Amino acid sequence: MIDKNTSPSRRAWLSGAAASAGLLALPGRAFARRIAASDRVNVAVIGAGGMGAQNMAKLTGQNIVAMADVDLAHVAKAFVDDKGATRPDLQPLKAAYDRAAKFADYRRMFDTRRDIDAVVIATPDHHHAVAARMAMERGIHVYVQKPLTYTVREGRVLRDLAQRNPKLVTQMGNQGHSGDDGRRVVELIRGGAIGRVGEVHAWTNRPLWPQGEDRPAPVAKPASLDWDVWLGPAAVDWGYHPDYAHFNWRGWVPFGIGSLGDMGAHLVDFPFWALEPGLPTRVETRHSRWGGDDNIWDGKPPADLGSYPLANITTYRFGNAKGGPLTMTWYDGGLMPPTPLAMPAGARMNPDGGVLYVGDRGMLMHDTYGEKPVLIGDGVEARAAAIPVTLPRILGGREGHEMNWIRAIRGEEAISSPFATAVPLNETMLLGMVAMRADQPIEYDGDAGRITNIAEANQFLDRQYRPGWTL
């Protein structure tokens, strides 16, 4: 039932809802509430445990009005220590969650609650785009964990929706984008501290979850878990196993985007930001064996595969980069680039993750999230010292990424990582997974969003959805 106090235009909009899916297909018709700097924002969360709890712990100064999670018993475990006592640092969030309206299915939450101003989406990857679009079409500001979407097409749908609704504040959860060190890296690269950069290497120690394995036999699910809602848009149902939920979904083909989806948003972010290369024009992936069946992709649908390969090296070539041709190489599964000959004695590439920029006047290396930048080469330190601060700093830095979103909603601060910049970064990451599935180099037309050399590989830019969960 629609509140009789709702405005006529709002009533008409709500009445057009597709009740079964809770989806309002009204591009360009967002009605975000005007929120003053002195107001608290009414925030909801989808995926309230794990990373969602980490995000929401930063937002307890707002009104947490609703939460949607498929396993509230699992969420409750986040608040207790090894002795079963409530963790003092999470007591404010627990109190806020206790007061919030609770739902298993976020579609029902969107149908029921009309007081939500903003929503944090911290679900497994395969839900991100569906949940974000439902929110945006209701005039709700969105904070979406990385990777922003599961497919290239989904990212472009969200980008277009954000463009048509410029009053909506969008943020991807790549918190390093708000960090001071990362912003200084961008200034140094753009300022020419190491000269023209033609080569970049990025690496991570991920995966830290099952990958490169056959899918396990299903087992009985926990009584508290709504498995059907957890599956959501996924077009396959393998049955429940703890290797999928709650944490280990990243490496399984129907649910996650592997290490590139997990860490590319942090590690690829800074070279993509600093060098402005545009979308890649060629992508090639070399990898270990797939997990599942005979361990060969060979065009199989996700239902016939288990997990992504344990390790891969993906090479991106950017033919339209602002500063000239650029090659960027991604390494995961414990693989790393060779140590450059010019690396100073005692300097070490962090095995947990990092980025190395190779310029014609020196090198720059930093850890994950853009932190701890190191300059390498004669004269580089002196050139760097002369490069001014040009990018705005975010209040709270990396730890202030969530509140930056809130302040942007209230008009107090520019947003850090909006969809306008997050979508091309996300698309670049996803194209590595597309090349992995194609099992050969792909040539990409970024303007058209199309693979030009292998027509059948374009199917990997999109996916199938279960009924009731379509984008």
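The values are calculated or read from the model by the stated rules, or taken from the named source; none is laboratory data. Just so it is clear, the structure is predicted and the values come from calculations on it, not from any experiment. All Cβ positions, even for glycine, are placed from backbone atoms using ideal geometry, and neighbour counts span all protein chains on display. Quick note on the areas: whole protein, heavy atoms, side chains included, nothing else; ligands and nucleic acids left out. Shrake-Rupley method; radii C 1.70, N 1.55, O 1.52, S 1.80 Å.
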**OP:** With both partners inside the chain, how many of the DSSP beta bridges are antiparallel, as a percent to the nearest 5?
**Re:** 60 percent
Subject >> Contact order relative to length of segment 374-471, as percent, for alpha carbon pairs under 8 angstrom and 6 or more apart >> reply: 11 percent
Original post:
In the structure displayed, which of LYS58/LYS146; LYS58/LYS83; LYS83/LYS221; LYS94/LYS146; LYS94/LYS372 lie more than 27 Å apart, Cα to Cα?
Top reply: LYS94/LYS372
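Probe of 1.4 angstrom, ligands and nucleic acids ignored: what's the accessible area per residue over the chain, in square angstrom?
40 Å²
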Original post:
Can you work out ³J(HN,Hα) from phi for every residue in segment 463-471, in order, using Karplus 6.51 cos²θ - 1.76 cosθ + 1.60 and θ = phi - 60°, giving whole Hz and x for Gly and Pro?
Top reply: 7, 8, 10, 5, x, x, 10, 6, 6
Original post:
For the chain, what is Rg from Cα atoms divided by 2.2 N^0.38 Å, rounded to two decimals?
Top reply: 0.98
**OP:** Positive end of the charge dipole of the chain (Lys, Arg +1 and Asp, Glu -1 on Cβ, about the Cα centre): tell me which of MET433, GLY379, VAL130 has its Cα farthest that way.
**Re:** VAL130
Original post:
Karplus couplings for segment 106-117 from phi (6.51 cos²θ - 1.76 cosθ + 1.60, θ = phi - 60°), rounded to Hz, Gly and Pro as x?
Top reply: 5, 4, 5, 4, 5, 5, 9, 9, 10, 9, 7, 8
**OP:** Normalising by the residue count of the chain, find the relative contact order in percent from Cα pairs under 8 Å and 6+ residues apart.
**Re:** 20 percent
Subject >> Contact order normalised by residue count of segment 198-351, Cα under 8 Å, 6+ apart, percent >> reply: 33 percent
**OP:** Pull out a ≥ b ≥ c, the square roots of the eigenvalues of the alpha-carbon gyration tensor of segment 62-111, then state rounded if a/c is under 1.5, prolate if not and a/b is larger than b/c, and oblate in the remaining case.
**Re:** oblate
Original post:
Considering the alpha-carbon set of segment 122-181 alone, what are its Rg and its Dmax in angstrom?
Top reply: 11.5, 36
Subject >> Per-residue HN-Hα couplings for segment 246-254 [Karplus 6.51, -1.76, 1.60; θ = phi - 60°; Hz; x = Gly/Pro] >> reply: 9, 9, 7, 5, 4, x, 9, 3, x
Original post:
Between segment 385-399 and segment 46-80, how many Å separate their Cα centres?
Top reply: 30 Å
Subject >> segment 65-161: trypsin sites (Lys or Arg not before Pro) falling in loop per DSSP and having at most 11 other Cβ within 10 Å >> reply: LYS83
Original post:
Binning every alpha carbon pair distance of segment 193-246 at 5 Å from zero, what are the percents per bin?
Top reply: 4, 13, 19, 15, 12, 7, 6, 5, 6, 6, 5, 1
Original post:
Hey, can you rank 217-227, 120-130 by average C-beta count inside 10 Å, highest first?
Top reply: 120-130, 217-227
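Taking the mean number of other Cβ atoms within 10 Å as a proxy for protection, how do you rank 310-316, 402-408 from highest to lowest?
Put in order of decreasing packing, that is 402-408, 310-316.
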Original post:
From the Cα gyration tensor of segment 301-426, with a ≥ b ≥ c the square roots of its eigenvalues, which class applies: rounded if a/c is under 1.5, or else prolate if a/b is larger than b/c, or else oblate?
Top reply: oblate
Subject >> Heavy-atom accessible surface of the chain: percent carbon and sulfur, 1.4 Å >> reply: 52 percent
Original post:
For segment 389-471, rounded, prolate or oblate, judged on the Cα gyration tensor with a ≥ b ≥ c (square roots of eigenvalues), a/c < 1.5 rounded, else prolate if a/b > b/c?
Top reply: prolate
**OP:** List the residues whose amide H sits under 5 Å from the amide H of ILE454, counting only those 5 or more places along or on another chain, with H placed 1.01 Å from N in the peptide plane.
**Re:** GLU443
**OP:** Tell me the Kirkwood hydrodynamic radius of segment 34-180 in angstroms, computed as one over the mean inverse distance between distinct C-alpha pairs.
**Re:** 15.7 Å
Subject >> Scattering profile of segment 221-285 at q = 0.13, 0.20, 0.22, 0.26 Å⁻¹ [log10 I(q)/I(0), Debye over alpha-carbon scatterers] >> reply: -0.53, -0.85, -0.94, -1.15
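Would you work out the charge dipole size for the chain about its Cα centre, treating the Cβ of every Lys and Arg as +1 and the Cβ of every Asp and Glu as -1, and quote it to the nearest 20 debye? Please list the in-between numbers first.
Details: 52 positive and 52 negative charges, 326 e Å.
Charge dipole of the chain: 1560 debye, to the nearest 20.
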Original post:
If you line up the Cα atoms of segment 188-342 on their principal axes, what length do they span on each, largest first, in Å?
Top reply: 58, 32, 27
Original post:
Using the Kirkwood radius built from alpha carbon pairs, what does the Stokes-Einstein equation give as D for segment 423-471 at 37 °C and 0.692 mPa s, in µm² per second?
Top reply: 281 µm²/s
